[in-house]
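The values are calculated or read from the model by the stated rules, or taken from the named source; none is laboratory data. Given the structure is predicted, the values throughout are model-derived calculations rather than measurements. Positions of Cβ are generated from backbone atoms using ideal geometry, with glycine treated the same way; all protein chains shown enter the neighbour counts.
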Amino acid sequence: MAIDLFDRDNYPTVEPETLIAGAFWTWRRDDLATPYPVGSYSLHYHARVHGGGQEITFSATEADSTYFIEVPSTTTADYPLGHLHWQAWIVRSSDSEQISVSEGVWDIIGDYDSNQSDPRSTADLMVTYLEATLKELAQKHASQYAIADRNMIYADMVKTRQELNYWKSELRKEIKATRRKAGKPTGDVIATRFGGLG
């Protein structure tokens with residue numbers, strides 16, 4: 001059954017792994033409200049694009065004795081896409097001293113309605129590219145080439161196949177994570193042994 005995601009009671013209680021630029025970002029950190037009660041402390045987020053670049057910052061709203069993160073869609077629309085490394089900081093109001101309480105990585109993706117870029121992940125793009133590369137190398141290997149050239153092409157095929165297997169594995173993980181998040185079966189089979197030991 002669908003729930004009202006605008007209702008603070010239904011906000012996630014941890015930071016999401018994937019966020020959409022141009023969407024209303026919401027979550028809550030009830031776990032921080034006990035050691036760092038609102039009124040005496042504040043919660044702030046800092047994130048920077050992987051490899052360096054634009055930094056984004058925003059603060060939690062203090063209400064109902066807890067911390068709510070509510071970043072308007074008009075604000076997130078200007079945020080950079082890609083992998084961002086983030087840190088959550090608690091600041092003590094009495095002297096502005098701060099400590100980092102958690103950190104992680106966000107994947108910020110575009111709004112499909114307004115962003116025309118390819119929505120596929122890096123793993124999905126790499127699988128497509130490497131499959132095409134392997135097909136091209138196979139065709140070259142089957143053509144009339146000198147022995148040395150054939151050996152070089154074969155070596156390239158081996159490396160390409162290894163890369164392809166890696167990115168296929170990453171893509172499978174992404175698909176399973178997406179299906180798991182949607183409450184759908186992932187295809188994993190859990191083996192159970194019946195009977196006594198011995």
Considering (1) among the aromatic types (Phe, Trp, Tyr); (2) modelled with pLDDT of 95 or more; (3) assigned to a loop (DSSP other than H, G, I, E, B), say which one Tyr67 fails and leave the rest.
(3)
Enumeration of residues in the stretch 162-187 that are basic (Lys, Arg) and surrounded by 13 or more Cβ atoms within 10 Å (Cβ to Cβ)
Lys168, Arg172, Lys176, Arg179
Matching residues in the stretch 137-151 - criterion: being without any contact (Cβ under 8 Å) to a residue 12 or more places away in the chain and surrounded by 14 or more Cβ atoms within 10 Å (Cβ to Cβ)
Arg150
Restricting to the stretch 63-97, what's the tally of residues that are closer than 17 Å to Ser40 by Cβ, in contact (Cβ under 8 Å) with a residue 24 or more places away in the chain and of a type outside the set (A, V, I, L, M, F, W, C)?
7
What is the residue count in the stretch 1-12 for residues that are assigned to a loop (DSSP other than H, G, I, E, B), closer than 16 Å to Pro72 by Cβ and of a type outside the set (Phe, Trp, Tyr)?
1
Checking the structure you have, find out if any residue of the stretch 106-123 is touching a helix residue (DSSP H, G or I) at 6+ places or on another chain (Cβ under 7 Å) and part of a helix (DSSP H, G or I).
yes
Kindly provide the set of residues from the stretch 13-43 that are surrounded by fewer than 16 Cβ atoms within 10 Å (Cβ to Cβ) and in a strand (DSSP E or B), ordered by number.
Thr18
Extreme residue, surrounded by the fewest Cβ atoms within 10 Å (Cβ to Cβ), among residues of the stretch 79-103 that are outside any strand (DSSP E or B) and touching a Ser or Thr at 6+ places or on another chain (Cβ under 8 Å):
Ser94
Please verify whether the stretch 49-60 includes one or more residues that are surrounded by fewer than 12 Cβ atoms within 10 Å (Cβ to Cβ), touching a residue at least 60 places away in the same chain (Cβ under 8 Å) and not aliphatic (A, V, I, L, M).
no
